[in-house]
Amino acid sequence: MSNKIIKILIIFFILSGLTKITNADEVKPSDSHQFSFFSGVFDTTTSSKKTSSLLGIQHSNEDLFRDTFLGKFSPITGFMITEDSTSYFYTGVQAEYKIGKLNLIPSFSPGLYSMGDGKDLGSPLEFKSEVQLSVDLLPGTKLGYSQSHISNADLGDTNPGADSYMFNFMKSF
């Protein structure tokens, strides 16, 4: 098993240990702030085969959710960094579609990209589109998998883009 996968599993076991297990009789409404802690691999489709591990955090506020005929929408803000010091700070919107205990969560976020020692995406302004599939574990706790694509929509000198996949742990506080 690769070191990257072992690190990801360790993070999820630690985070799941921080989750309080409650009885159904003791369930109280969770607070309105949801944090998503994620880890994965950045730039999985690069032609040079130079991928890097990434870590990140994302915040959403359930008080700002809006139910529309297209679904349940919420603003999001997040940050990720790779082992090559590449960083991306973003803010955008996500939709949430519940199918029993499963959640389908597409999102779109413009943000500021800094390449560090990693891949040059051609512009400091980049756009991230992401699709996440998660499952409700306990009240206020979800575990998921997501894939994203970051590119500059041909606004920069070049537009190579970068695809990533992440494992997500979401907790409401």
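Summary of computed values
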quantity: Exceeding the 26 Å Cα-Cα cut-off - candidates LYS49/LYS72; LYS98/LYS128; LYS50/LYS128; calculated: LYS49/LYS72
quantity: Sparsely packed trypsin sites (Lys or Arg not before Pro) within segment 63-132, loop by DSSP, other Cβ within 10 Å at most 12; calculated: LYS101
quantity: For segment 25-166, the spread of Cα positions along each principal axis, largest first, Å; calculated: 54, 28, 22
quantity: Proximal aspartates and glutamates to LYS171, defined as alpha-carbon separation beneath 17 angstrom and excluding residues fewer than eight positions away on the same chain; calculated: ASP31, GLU62, ASP63, GLU96, ASP136
quantity: Relative exposure of SER107, SER129, SER151, judged by other C-beta atoms within 10 Å (fewest first); calculated: SER129, SER151, SER107
quantity: Within segment 35-82: Cβ-based charge dipole about Cα centre, in debye rounded to nearest 20 (Lys, Arg +1; Asp, Glu -1); calculated: 260
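The numbers here are math on the coordinates, done by the rules we state, and not lab data. Quantities reported herein were computed from a predicted structural model and do not represent experimental measurements. We place every Cβ from the backbone using ideal geometry, glycine too, and count neighbours over all the protein chains shown.
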